[in-house]
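Novice: Shown below is the structure under consideration.
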Amino acid sequence: MKKFLSVLMAAVMLLTMFVITSSAAKVPTFSVASSVASAKVGDTVKVTVSTSKNSKLCAVTLSLKYDSAYFQVTKATGAGAIPSELLNTDLKNEVRYVGATATHIDDSATTLFTVEFKVLKTGGKITFSGTEVYVAEGESFEAVDVTSKVADKSVTIACSHGNKTEVVTKQPTCTAKGEKTTKCKDCGKDFGKTEIAATGHKAGNWEVKKAATCTEAGESVRKCTVCKTVVETR
């Protein structure tokens, strides 16, 4: 936290060197990209925040907000686009990025930072917002506050249904079909019912039903060991 405050103070001091104006300035475009569009519980999702080509950024405070019931931050990495950068992951439901530079971001589209999240629950949303965004304008290097013009963005990590389970809702018998339902363990989505084939009879040992006599033949039977139905005679 001490390092966070020192970097923030440095950013503020840097801004005081500029003339803060309200003149029209190009508003940088921020992109928020997820490594995957869907995931299952336990997967890792990487969310990268980048800025547009020739964005002229000179100082920023950016946030990725999330619900801790859905995500857990496992790693955060700055890309070095803004030298005096700091990623703070100690905040509740938020990762905050603070950066300032004596020049500005120029030339090409630039990655600012990447955050890795462990998926605790599927269907969660991660929202980007620019809480402080300044761009350099003109030869005198005026710092222009364009925060209010930066639009929030979000990514939603849908369920990939990678953790499926089958539940038998009707047990099959020797002669009748059964039924099972397939569901996603993560989000509960029901994928419908599937038939289970009848098991068929399982014949047991021969049993004497009627003993033979001097004049009459006897009779033996085999019964199903499950339902006790006679399945064969001789």
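Novice: Of the numbered conditions (1) surrounded by fewer than 13 Cβ atoms within 10 Å (Cβ to Cβ); (2) in contact (Cβ under 8 Å) with a residue 24 or more places away in the chain, residue 165 fails exactly one; give the number of that condition.
Specialist: (2)
Novice: State which residue pairs qualify: first residue free of Cβ contacts under 8 Å to residues at least 60 places away in the same chain and open to solvent by 80 Å² or more (accessible area, probe 1.4 Å) and inside region 180-202, second residue in a strand (DSSP E or B) and of a type in the set (Phe, Trp, Tyr) in any location, beta carbons under 9 Å apart, and separation of 6 or more residues or different chains.
Specialist: That search, which allows pairs on different chains as well, returns 183/191.
Novice: Would you confirm, using the coordinates I've provided, whether residue 35 is of a type outside the set (Lys, Arg), in contact with a strand residue (DSSP E or B) (Cβ under 6 Å, 6 or more places away or on another chain), modelled with pLDDT of 95 or more and open to solvent by 50 Å² or more (accessible area, probe 1.4 Å)?
Specialist: yes
Novice: Is there any pair linking a residue in region 26-39 that is of a type in the set (A, V, I, L, M) to one that is part of a strand (DSSP E or B) and open to solvent by 50 Å² or more (accessible area, probe 1.4 Å), with Cβ under 8 Å and at least six apart or on different chains, and which?
Specialist: So the pair list comes out as 32/153; 32/154.
Novice: Another question about this same structure. Looking at 68, 55, 50, which is the one that is hydroxyl-bearing (Ser, Thr, Tyr) and within 17 Å of residue 149 (Cβ to Cβ)?
Specialist: The match here is 55.
Novice: Yes or no: region 45-55 includes at least one residue that is at pLDDT below 95, open to solvent by less than 10 Å² (accessible area, probe 1.4 Å) and part of a loop (DSSP other than H, G, I, E, B).
Specialist: yes
Novice: I need the strands (runs of 3 or more DSSP E) fully contained in region 118-234, keeping only those with at least 1 residues that are within 29 Å of the chain's Cα centre (by Cα) and within 30 Å of residue 32 (Cα to Cα).
Specialist: Fully inside region 118-234 and qualifying: 125-137, 153-156, 164-170, 178-184.
The values are calculated or read from the model by the stated rules, or taken from the named source; none is laboratory data. This is a predicted model, so every value here is computed, not measured. No Cβ is skipped: glycine too gets one built from the backbone with ideal geometry, and neighbour counts run over all protein chains shown. Please note that ligands, DNA and RNA were not included when accessible areas were found on the heavy atoms of the full protein model with its side chains. Shrake-Rupley method; radii C 1.70, N 1.55, O 1.52, S 1.80 Å.
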